[in-house]
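Q: Let me give you the structure first, and then I'll get to my questions.
Laboratory data are not the source of any read-out in this text; all were calculated from the coordinates shown. Just so it is clear, the structure is predicted and the values come from calculations on it, not from any experiment. So basically every Cβ, Gly included, is an ideal-geometry build from the backbone, and we count neighbours across all protein chains shown.
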Amino acid sequence: MIILGIETSCDETAVSVVKAEGDLDSLSFNLLGSAIHSQIEIHREFGGVVPMLAKREHLKNLPLVLNQALKEAGFEDGLGDMNYELWKEKNPNQKFPIDLIAVTVGPGLEPALWTGIKFAENLGKTWGKPVIGTNHMEGHIASVLLKQNNESGIMNYEIQWPALALLISGGHTELVMMRSWVDKEKIGETQDDAVGEAFDKVARMLGLPYPGGPEISRLASQARESGIMNNELRLPRPMIHSKDFNFSFSGLKTAVLYYIRKIEELTETDKLEIAREFEDAVTETIITKTKGALDKYQPKTLIIGGGVIANKFLRENLMNLKIDYPDLDILIPEKSLTTDNATMIAMAGYIEYLKNGVDTENLKANGNLEI
Ligand code: KG4
Ligand code: ZN
């Protein structure tokens, strides 16, 4: 079936058209078209995402992004504003190209989520097609299922169960044990700030623009390349020795704040040193927690999703887990699917459809939706 995915949970307006086949044991996805509009420039001057501005921008951009994605998928007329009856008239012997609409219902910013849900519902009515609500975090898990790294096009991974999912984004830091697509259990999560949030807040303290992750990442690798580090600066690795699989990043952020306060004038070298040590502290914490979970639960696969996996140093360190766990299958999304996108929402929507069918009851925004 062909699924239209819609994502508006935060500051990206995204639509994708994905061809989905197979059952839960043999999923197969093919990306037909996708478009994304980022609001980063608009929120930057406020140092973070402003929910009401996000809503306004989603409303404005959804029709444009939809048409762009449909066009890329080969539906020349855009289809977006075309009525189902009209389309039928024009194409009497053809099957309507979209079978299902999947939209993010949470977690995320509720005003932003609602714009996507209402838009999806209207589209569903116009096209006479069902709409399915999708969990954004399940989207980040599904993001590893599509790879386009060979010339012939698409390559899909089959998940070897059980799998451990490490989800690291701007709003979440979670470890989830999965015995199948249906049987999932959250085994740990952050007690305060999410890891992406910590990147963003520390970047702000250093006077760097939003979103801070890529900025810190850039400074930290610059520091590594030029051998810049400060042995006097040692940030905490919060909860690294706790026996559970929970995280905490707020103390790390505060430690950076105290360190900066002691410095009279923050130099470029200070910033490089802080970025590097902060990235080291985050990486060491995530690696240690993940290893603990790998040792206890012995999964065959490690799935890693969420915007923070765009961080090169962290990604390299996670991939190096292969050395200690040679039989572990480590799945990371391709670059375009690391941060928020609608392709992962279409894929997670298909999984949800296979699991539970279409349930119109769950088409409500839930900012705190759990996995
Ligand atoms: O998954 P995502 O796009 O949105 C949420 O669902 O939250 O993740 C966004 C987060 C932001 O906090 C951003 O700073 C962080 O991912 N991020 C990074 C990098 N690129 C994005 N963090 C560290 N290093 C990066 N290269
Ligand atoms: Zn996300």
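Q: Toward the positive end of the charge dipole of the chain, about the Cα centre and with charges on Cβ (Lys, Arg +1; Asp, Glu -1), which of 131, 330, 346 goes farthest?
A: 131
Q: Would you kindly derive the ³J(HN,Hα) couplings of region 200-210 from the backbone phi angles with the Karplus curve 6.51 cos²θ - 1.76 cosθ + 1.60 (θ = phi - 60°), listing them in order in whole Hz, with x for Gly and Pro?
A: The phi angles translate into 5, 6, 5, 4, 4, 4, 8, x, 9, x, 7 Hz.
Q: I've got another one for you. Only four residue types carry charge here, +1 at the Cβ of Lys and Arg and -1 at the Cβ of Asp and Glu. Report the dipole size of the chain about the Cα centre in Debye, rounded to the nearest 20.
A: 140
Q: Moving on to the next point. Quick check on the exposure proxy: order 44, 224 from fewest to most C-beta atoms within 10 angstrom.
A: 44, 224
Q: What relative contact order, as a whole-number percentage, does region 213-371 give when Cα pairs under 8 Å and 6 or more residues apart are counted?
A: 24
Q: Take the alpha carbon atoms of region 282-361, find their center, do the same for region 100-131, and report the distance between the two centers in whole angstrom.
A: Region 282-361 and region 100-131 have Cα centres separated by 25 Å.
Q: Just going by the charge dipole of the chain, with Lys and Arg at +1 and Asp and Glu at -1 on Cβ, which of 318, 144, 369 is farthest out on the positive end?
A: The Cα lying farthest towards the positive end belongs to 369.
Q: Taking a ≥ b ≥ c as the square roots of the Cα gyration tensor eigenvalues, with a/c under 1.5 meaning rounded and otherwise prolate when a/b beats b/c, else oblate, which class fits the chain?
A: prolate
Q: More than 24 angstrom separation, counting every C-alpha pair in region 118-259; what % is that?
A: Tail of P(r) above 24 Å: 54 percent of Cα pairs.
Q: So who's got an amide H within less than 5 Å of the one on residue 369, skipping anything under 5 residues away but keeping other chains? H placed 1.01 Å off N, in plane.
A: 108
Q: Follow-up question, since we're still on this one. For residue 230 and residue 64, what is the calculated FRET efficiency with R₀ set at 45 Å and r taken between the beta-carbons, to the nearest 0.05?
A: 0.45
Q: Considering Cα pairs under 8 angstrom that are at least six residues apart, work out the relative contact order of the chain and quote it in whole percent.
A: Once normalised by length, the contact order is 24 percent.
Q: Then there's this: Above 16 angstrom, tally the Cα pairs of region 219-319 and express them as a % of all pairs, no decimals.
A: 62
Q: Test of understanding: ordering 258, 350 by Cβ neighbours within 10 Å, fewest first, what list do you get?
A: If I rank by nearby Cβ atoms, fewest first, I get 258, 350.
Q: Could you run the Karplus curve 6.51 cos²θ - 1.76 cosθ + 1.60 with θ = phi - 60° over region 270-278 and give me ³J(HN,Hα) per residue in whole Hz, x for Gly and Pro?
A: Those phi angles translate into 4, 4, 5, 5, 5, 4, 5, 5, 5 Hz.
Q: Looking at the chain only, what percent of DSSP beta bridges run antiparallel? Nearest 5 please.
A: Bridges in the chain are about 60 percent antiparallel.
Q: Suppose R0 equals 35 Å. What FRET efficiency, 1/(1 + (r/R0)^6) with r the Cβ-Cβ distance, do residue 96 and residue 336 give to the nearest 0.05?
A: 0.80
Q: Here is a follow-up. With the contact rule set at Cα under 8 Å and sequence spacing of 6 or more, what percent relative contact order holds for region 98-215?
A: After rounding, I find 15 percent.
Q: I would also like to ask the following. If you rank 31, 113, 257 by fewest surrounding Cβ atoms within 10 Å, what's the result?
A: 257, 31, 113
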